Amino acid sequence: MNKNKFLYVAALFGMMVLVSCSSHDSAKNVTVTSEQSGAESQAASDIVSKPLTLLQSNDGWSYGAAGAKGFYFVSAAVRSDDSTSLMYCDYDTMQQILLCSQPNCAHNTAACNGYLPYSAGGIVPEIVGQNLVLFYPGNVHAEENATLPRIETMGLDGSDRTETITFAANQEFLRPMVTDGDFIYACMWETSDNSMESFLVRIDPTAGTCEKMFSMDSTWIKGVVGDKLLLKSTSGDNSEWFTYDPVTGEQAVLYTESSSVLQPAAVYGQTLVYQKGDHFHLLDLSTGQDTELAGYTVPDQAVSYVNLYYADDGKLLFEQCSNAGADSQYADGFYVLESDKEPSPWTLTYSLYDKDTACAVVAAKDADTYLVEAGVQDTAAVQADDGASKYVSTGERRYALISKADYWSGNANYRDFEKIG
């Protein structure tokens, strides 16, 4: 799925290493370093398995941080100093506000909790337990204002904003990340002596600590299944999708994928979409139920190609695009596929860069309601007065609530947030 992203200018070297992750638990081809203390080992042994929550979408894209009460996101509107704002959509009041409770605040200096200065590499909001975490991926190669990866924590109301950890210049973090309410689990790349290693790390954002858990060579985080991580590992012509318990180290293979399939597997929430023969299958990771979508034959790529967009509750949303001059059974556009039924046309889209774009699910508000990206407002972003902004002008996303029934039926019955201030 094509998504708007901030673009940044690049190229600055020579940043000093500040804080690095210490090695910790041994599992899967990693050796605990001799620097590990007995106190650290005891602390790790006290960690118990808890339900895990994905902090971004399964493909790593971040809209913001969705919680039980509302949704936090970074505004696309940029001031002349390249600062922006931390916004909040409140589910109870259906209001969208800048996250600041200070009276008469101009929201244009660091004294405001909702003020976000320019940061090369962007800013990723995450909810960890009762804290809002701002994860700054950093960019040590930026020509101006190069930044290291770092973390700030604050209350869910924006109070007590504190920087707790700054990572090293040779460390880079991949998304998606995962939390158990206390820790953040992430894949970290670490560069040294012209080589690169990747590790699963466990970060305590409040205490400001980071522990290496095991090597993740050719392995990526793809989601969660209960209290276990969903990982994908590629070796040769095959990829294995497997669960990993970050506390016990136990693993279990769920699906082995051959590189010969036309459509690579993808995961959305608790649903793994994969191709077997000429049909798509939906594997419910929480129950193990496998559903063959027999009403649609995956087309030959010489005729048309398929873009997968979302899957939930036994349904798959996809886009079909015909190759030039090809005659396909279905017209170009979006479709919903379920069980052995024929694909149903789906029209919950908006125009972006003169192309129909699917209304994307950001998060499930509850069992019956989605938070969605319902469009983009073209005039939201503001460039610097001198035209030298480090951001590319983009539109502010329109977030809304919609029932799951209306979403899958393609009915645009949105509940919009009232913008305050």
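Things worth noting here:
- Scanning segment 234-255 for residues that are in a strand (DSSP E or B) and out of contact with any Phe, Trp or Tyr (no Cβ under 7 Å at 6 or more places or on another chain) turns up Thr234, Ser235, Asn238, Ser239, Glu240, Phe242, Thr243, Tyr244.
- Selection count where residues are open to solvent by less than 30 Å² (accessible area, probe 1.4 Å) and of a type in the set (Ser, Thr, Tyr), scope segment 74-102: 6
- Any hit, segment 194-203, residues being open to solvent by 50 Å² or more (accessible area, probe 1.4 Å), of a type in the set (Phe, Trp, Tyr) and under 18 Å from Pro149 (Cβ atoms): no
- Listed by first and then second residue, the pairs with beta-carbon distance under 7 Å, at least 6 apart or on different chains, first residue in segment 106-121 and without any contact (Cβ under 8 Å) to a residue 60 or more places away in the chain, second part of a loop (DSSP other than H, G, I, E, B) and charged (D, E, K, R), are Asn108/Arg79; Asn113/Arg161.
- Strands (runs of 3 or more DSSP E) wholly inside segment 316-360 containing at least 3 residues that are farther than 25 Å from Gln270 by Cβ and not charged (D, E, K, R): 349-352
- Selection status of Thr349, in contact with an Asp or Glu (Cβ under 6 Å, 6 or more places away or on another chain), β-branched (Val, Ile, Thr) and either buried (at least 17 other Cβ atoms within 10 Å of the Cβ) or modelled with pLDDT under 90 (or both): yes
- Residue count for segment 303-332, restricted to those that are at pLDDT below 85 and of a type in the set (A, V, I, L, M, F, W, C): 3
- When residues of segment 144-180 are limited to those that are assigned to a loop (DSSP other than H, G, I, E, B) and open to solvent by 30 Å² or more (accessible area, probe 1.4 Å), the one farthest from Asn113 (Cα to Cα): Asn170
- All positions within segment 54-73 that are among the small types (Gly, Ala, Ser), buried (at least 22 other Cβ atoms within 10 Å of the Cβ) and outside any strand (DSSP E or B): Ser57, Ser62, Gly64
Here is a yes/no grid of residues against (1) at positive phi; (2) open to solvent by less than 30 Å² (accessible area, probe 1.4 Å):
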position	(1), (2)
Tyr305	no, no
Leu308	no, yes
Phe334	no, yes
Ser339	yes, no
Asp354	yes, no
Thr369	no, yes
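- Residues that are more than 22 Å from the chain's Cα centre (by Cα) and either polar (S, T, N, Q) or open to solvent by less than 30 Å² (accessible area, probe 1.4 Å) (or both) were ranked within segment 182-193; the one that is modelled with the highest pLDDT is Thr191.
- Apart from one condition, Val178 fits all of (1) under 16 Å from Ser62 (Cβ atoms); (2) in contact with a Lys or Arg (Cβ under 8 Å, 6 or more places away or on another chain); the exception is (2).
- Some residue of segment 281-302 being part of a strand (DSSP E or B), touching a Leu at 6+ places or on another chain (Cβ under 8 Å), among the hydrophobic types (A, V, I, L, M, F, W, C) and over 19 Å from Leu54 (Cα atoms): yes
The values are calculated or read from the model by the stated rules, or taken from the named source; none is laboratory data. Not measured: the values here are computed from a predicted model. Note that each Cβ is placed from the backbone with ideal geometry, even for glycine, and that neighbours are counted across all protein chains shown. Side chains included, ligands, DNA and RNA excluded: accessible areas come from the protein's heavy atoms. Shrake-Rupley method; radii C 1.70, N 1.55, O 1.52, S 1.80 Å.
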